[in-house]
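The values are calculated or read from the model by the stated rules, or taken from the named source; none is laboratory data. Note that this is a predicted model, so its numbers are computed, not measured. Neighbour counts run over all protein chains shown; Cβ positions are idealised from the backbone, glycine included. Remember, those area values only see protein heavy atoms, side chains included, never the ligands or the DNA or RNA. Shrake-Rupley method; radii C 1.70, N 1.55, O 1.52, S 1.80 Å.
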Amino acid sequence: MTILPIVIAPDARLKVRCKPVATVDDSVRAKLDAMLATMYDAPGIGLAAPQVADDRRLVVIDVAREGAPPTPLRLVNPEVLWASSEKVVMSEGCLSLPDVYYDVKRPERIRAAFLDEAGARHEIDADGLLARCIQHEIDHLDGVLFIDHISMLKRNMALSKMRKLKAAEANRRPSRP
Ligand code: NI
């Protein structure tokens, strides 16, 4: 299974408003499968298309506990239909910001709509980690990172850490092919 390279922040590709998918076809299904493989490999509990340099509204999620059977979700054109006025704080991380974790306040419960890999429309009510993850991933489709929800000071600290990480990786690369 293809493991896709993950785009690390800051990167213009993470700030794009992604395009709705018109038809759920084989190319969409193949991308969702590759995104799931990439997410499990990382490992992570959610991944959105812009994190693998794709500007379509695609998300994959699996919030099953470690050791429990996998529960992969493939979401095409996901949207939040309703969000509770009650908000909760949870620590968040992101595969595009390795080793960066901050508390983020978001609605506790949501109702979301999406198309599955066969193109059928679903609505789900979610709370806890799943509600958190869906909101975080839909944000990605609108060019929003979780650090956009925290103070500018913390955001700048996170981005400067990522720039250092990228510089270190660039130095490690051999200068000749
Ligand atoms: Ni993320």
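Tabulated data
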quantity	calculated
Residue within region 9-18 that is among the acidic types (Asp, Glu) and in contact (Cβ under 8 Å) with a residue 40 or more places away in the chain present	yes
Residue in region 126-137 that is closer than 18 Å to VAL7 by Cα and either open to solvent by 60 Å² or more (accessible area, probe 1.4 Å) or at pLDDT 95 or above (or both) present	yes
Matching entry among GLU117, GLU86 (being away from the ligand (no atom under 16 Å from the Cβ), within 18 Å of the chain's Cα centre (by Cα) and acidic (Asp, Glu))	GLU117
Residue list for region 12-41, filter: away from the ligand (no atom under 15 Å from the Cβ), in a loop (DSSP other than H, G, I, E, B) and open to solvent by 60 Å² or more (accessible area, probe 1.4 Å)	ARG17, PRO20, ALA22, THR23, ASP25
ARG155 vs. criteria of a type in the set (Lys, Arg), free of Cβ contacts under 8 Å to residues at least 24 places away in the same chain and outside any loop (DSSP other than H, G, I, E, B)	yes
Residue count for region 101-114, restricted to those that are over 26 Å from ASP33 (Cα atoms) and either within 16 Å of the ligand (Cβ to nearest atom) or open to solvent by less than 70 Å² (accessible area, probe 1.4 Å) (or both)	6
Of all residues in region 158-177 being free of Cβ contacts under 8 Å to residues at least 24 places away in the same chain and in a helix (DSSP H, G or I), the one that is most open to solvent (accessible area, probe 1.4 Å)	ARG172
Close pairs (6 angstrom Cβ cut-off, 6 or more residues apart or separate chains): farther than 14 Å from LEU141 by Cα in region 33-53, assigned to a helix (DSSP H, G or I) and within 10 Å of the ligand (Cβ to nearest atom) anywhere	ILE45/CYS133
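Yes or no, residue by residue, for (1) within 13 Å of the ligand (Cβ to nearest atom); (2) aliphatic (A, V, I, L, M); (3) buried (at least 19 other Cβ atoms within 10 Å of the Cβ):
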| site | (1), (2), (3) |
| --- | --- |
| PRO43 | no, no, no |
| GLU66 | no, no, no |
| ARG74 | no, no, yes |
| ASN77 | no, no, yes |
| LEU97 | yes, yes, yes |
